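What follows is a short report on a single structure.
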Amino acid sequence: MNKLVVISGPSGVGKGTIAKALIERNKDMALSISCTTRAPRIGEKNGREYFFIPKEEFKEKIANNGFLEYSEHFENYYGTPKDFVLEKLKEKTVILEIDVNGGLKVKENMPEAVLIMILPPSLEEVRNRLIKRNTESLEKIEKRMQRIEFELGKKEQYDYSVVNDKLQVAIEEVENIIKK
Ligand code: ADP
Ligand code: 5GP
């Protein structure tokens, strides 16, 4: 049976890196593509990292019940397109890389979903990774840092948590959870 897997955790913890590695190693796994109203970063492509859509279109999709869940943070909307995920689930295990509120909403709608929280080895390490990634201003990085405590506070409501210290170890841990 194909599974619906949610990977959450603070911005910069390594969710994207782990999720990409998983789909490269496992041909029976696919990443869901979320909709967002934020602008693409350099190197991001519409329909690959996200479907980048205007706020009006996002609100229309909310009104038409087109999202499995959505949330607003960092002044933008992010949502999981329902049709897209249900279609993909027919063929593969689908990984959602979404924030904790979104993950818990997915679990409400689809209790069979497996929720995995990725934890940083330390808060300082998250800041270092965000600075190294070089995709956000220092001000935006601090905003993301302020949200971390909130995200980590929901750990107990997740099915599993995995510390991303050594990347290879974390990838294998997440893979084992999904496959078991
Ligand atoms: P997220 O998707 O959670 O925001 P990313 O996957 O973009 O985070 O990772 C943030 C940065 O940290 C990236 O530059 C990535 O290469 C790096 N990174 C990810 N995992 C590790 C790790 N285990 N050790 C060191 N750097 C890492
Ligand atoms: P970023 O702007 O760094 O790509 O993502 C910011 C945050 O939005 C991350 O915590 C990411 O997990 C979350 N996110 C991405 N897609 C979705 C989604 O579809 N729904 C929800 N709720 N959060 C999302």
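The values are calculated or read from the model by the stated rules, or taken from the named source; none is laboratory data. This one's a predicted model, so the numbers in the text were calculated from it and none came from an experiment. Heads up, the Cβs are rebuilt from the backbone with ideal geometry, glycines too, and the neighbour counts pull from every protein chain shown. Just so you know, the surface numbers come from the protein's heavy atoms only, side chains and all, with ligands and any DNA or RNA stripped out. Shrake-Rupley method; radii C 1.70, N 1.55, O 1.52, S 1.80 Å.
A few points about this structure:
- Failed item, numbered, when LYS88 is tested on (1) more than 11 Å from ligand 2 (Cβ to nearest atom); (2) charged (D, E, K, R); (3) at pLDDT below 95: (3)
- Among the residues of the range 34-46, the ones that are away from ligand 1 (no atom under 13 Å from the Cβ) and either buried (at least 18 other Cβ atoms within 10 Å of the Cβ) or part of a strand (DSSP E or B) (or both) come to 4 in all.
- Answer from ASN109, ASN65, ASN2 - the residue that is among the polar types (S, T, N, Q), out of contact with any strand residue (DSSP E or B) (no Cβ under 7 Å at 6 or more places or on another chain) and over 20 Å from GLU136 (Cβ atoms): ASN65
- When residues of the range 58-111 are limited to those that are among the small types (Gly, Ala, Ser) and within 14 Å of the chain's Cα centre (by Cα), the one farthest from ligand 1 (Cβ to nearest atom): GLY79
- For the range 138-161, the count of residues that are part of a strand (DSSP E or B) and either among the aliphatic types (A, V, I, L, M) or within 12 Å of ligand 1 (Cβ to nearest atom) (or both) is zero.
- In the range 13-36, the residues that are more than 15 Å from GLY103 (Cα to Cα), in contact (Cβ under 8 Å) with a residue 60 or more places away in the chain and near ligand 2 (Cβ under 8 Å from one of its atoms): GLY16
- The lone exception for GLU49 - which of (1) open to solvent by 20 Å² or more (accessible area, probe 1.4 Å); (2) touching a Phe, Trp or Tyr at 6+ places or on another chain (Cβ under 8 Å) it fails: (2)
- If only residues of the range 18-33 that are in a helix (DSSP H, G or I) and β-branched (Val, Ile, Thr) are counted, the one that is farthest from ligand 1 (Cβ to nearest atom) is ILE23.
- Considering the conditions (1) under 16 Å from the mean Cα position of the chain (by Cα); (2) outside any strand (DSSP E or B), PHE51 is excluded by exactly one of them, (2).
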